[in-house]
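This report concerns only the one structure given below.
The values are calculated or read from the model by the stated rules, or taken from the named source; none is laboratory data. These figures come from a predicted structure and were not determined experimentally. Ideal geometry is used to build each Cβ from the backbone, glycine not excepted, and the neighbour counts take in all protein chains shown. Please note that ligands, DNA and RNA were not included when accessible areas were found on the heavy atoms of the full protein model with its side chains. Shrake-Rupley method; radii C 1.70, N 1.55, O 1.52, S 1.80 Å.
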Amino acid sequence: MTHTAHGVGGLTFDPKKRTRPPELNVLLALVLIVATFEILGWILYGDSFLFNTRPNVDAIFNWARLNIIILQVSIVGIIAIGVTQVIVSGGIDLSSGSIVGATAMIVMSFAQTALVNGNPNPKAVFGPWAMDLPVIVPILVGIACGLIAGAINGLLIAYTRIPPFIATLGMMVSARGLSKWWTNGQPVSFPTESFAAIGKGMMPVVYFIALAILFHLILRYTIYGKHTYAIGSNEDAARMSGINVARHKVLIYAIAGMLASIAAIVLCSKNLTAQAGMGVMYELDAIAMSVIGGVSLAGGRGSVIGTVLGALMFGVIISGFTFLRLDAYYQEMVKGVIIVGAVVLDQWRQRRNVARM
């Protein structure tokens, strides 16, 4: 008995050629990793990774650990939302971590309080005119920094035709230099209470979830999203169909820079200080979250939902290694293995899809 059905033009449908969504595969991998840590926890320490085992706490899950898992990846996750759009369009962004560092230094300079314990702010960058400003001022300054840096990336890529790797690598080095030059490498501290409240508690998670929902809807249901996927799938075809590819690339990279600046605002607010070294390696973690989440480095495929699942996988791995009391450098080695494995899997999946056509 055949399971094929004829469609328009005599085309046939074969159920055997149906594939599961990449996001489902990532979710299954996430469940498997959680189960592995759960089993190892009981075997090695007689304790649960996910569930609460304390008799004096009336809760099924270990909410403290669950909160830490998502909190520790939420800021990099915000960057990964922008990086996802860049990769879907067929590009790459190596500058997001350095944009975080430069933006954090500049933002905190406009978010300082004038007095610390009744004395003048010892870390003051500017004079009294830049002290105790309304919280909207440092936020707008930070967003402007990210938009400018991202737009420069996009302009270089779109109009000089240099590879995205080179353009964003140049921005990575330049932005890191700017973050060190801004105060000669000195940290900037003591923000106003209103600015400090931005990253307080679980607020970074709220921003991450809200931005993930927003850009999932944008990529899925708007012209911007359709053009982004079209450019990543076939740039020449997108250009011939009437899409202004150059202008759209500038927009994509500007949005990615803006999201990196939002992450910087949340990060320095959470830490109550800004340092030139903030954001180091964040760009690689963001790329890894996207690739693990099913975003194809070849462009044209991926989703924000997959990136969120990739971020959660990172959080589970970090928290799981801490739970098993393994040294931190094992985390870096495992990250590398996961990144390479995700890319190998993506290449295999592409070859398999081509073979099925």
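Efficiency by 1/(1 + (r/R0)^6): what FRET value for Asn67 and Met240, r their Cβ-Cβ distance, R0 = 35 Å, to the nearest 0.05? Using R0 = 35 Å, I get an efficiency of 0.10. Whole-Hz Karplus values for region 32-37 come out as 5, 5, 4, 4, 5, 5 Hz, taken residue by residue from phi with 6.51 cos²θ - 1.76 cosθ + 1.60 and θ = phi - 60°; glycine and proline positions read x. Normalised per residue, the accessible area of the chain is 50 Å², obtained with a 1.4 Å probe and no contribution from ligands, DNA or RNA. Here is the list for region 252-357: trypsin sites (Lys or Arg not before Pro) lying in DSSP coil, each with at most 15 other C-beta atoms within 10 angstrom of its C-beta, are Arg325. Think of the chain as having a plus end and a minus end, set by charges on the Cβ of Lys, Arg, Asp and Glu; of Ile69, Ile223, Ser233, Ser233 sits farthest toward the positive end of this dipole.
Between Ile33 and Arg247, residue separation times 0.36 nm minus the direct Cα-Cα distance comes to 72.9 nm. Look at (i) 19.9; (ii) 22.0; (iii) 20.8: the one that is Kirkwood radius over Cα pairs in Å derived from this structure is (ii).
Springs between alpha-carbon pairs under 10 angstrom, Gaussian network model over the chain: which of Gly185, Gly90, Gly257 fluctuates most? Fluctuation is largest for Gly185.
Based on Cβ point charges of +1 for Lys and Arg and -1 for Asp and Glu, what charge dipole magnitude is obtained for the chain about its Cα centre, in debye rounded to the nearest 20?
Using Cβ point charges on Lys, Arg, Asp and Glu, the chain gives about 860 debye.
What the Cα convex hull of region 34-128 gives, in volume per residue, is 219 Å³. Seen against the Cα atoms of the chain and their longest principal axis, helix 245-271 is set at about 50 degrees. Dipole magnitude for region 283-352: computed about the Cα centre from +1 point charges on Lys and Arg Cβ and -1 point charges on Asp and Glu Cβ, it is near 360 debye.
Helix-only estimate, please: 222 nm mean residue ellipticity of the chain, summing -39500 (n - 2.57) across DSSP H runs of length 4 or more and dividing by its residues, to the nearest 500. Calculated mean residue ellipticity at 222 nm is -22000 deg cm²/dmol.
Normalised size of region 58-113, defined as Cα radius of gyration per 2.2 N^0.38 Å with N residues, equals 1.61. Could you tell me which residue out of Phe208, Leu169, Trp348 lies farthest along the dipole of the chain toward its positive end? Charges go on the beta carbon: Lys and Arg +1, Asp and Glu -1, centred on the Cα centre. Working it through, the farthest residue towards the positive pole turns out to be Trp348. Heavy-atom surface analysis with a 1.4 Å probe gives region 100-191 a carbon and sulfur content of 72 percent of its accessible area. Assuming charge only on the beta carbon of Lys and Arg (+1) and of Asp and Glu (-1), the dipole of region 117-229 about its Cα centre is about 380 debye to the nearest 20.
Here the 3J(HN,Hα) profile of region 38-54, calculated from phi with Karplus coefficients 6.51, -1.76 and 1.60 at θ = phi - 60°, is 5, 5, 5, x, 5, 5, 7, 10, x, 9, 9, 7, 9, 9, 7, 10, 7 Hz, Gly and Pro shown as x. To the nearest ten degrees, helix 63-88 and the longest principal axis of the Cα atoms of the chain are 70 degrees apart.
Taking a straight Cα-Cα cut-off under 15 Å and skipping sequence neighbours fewer than 8 places away in the same chain, no aspartates and glutamates fall within cross-link reach of Lys200.
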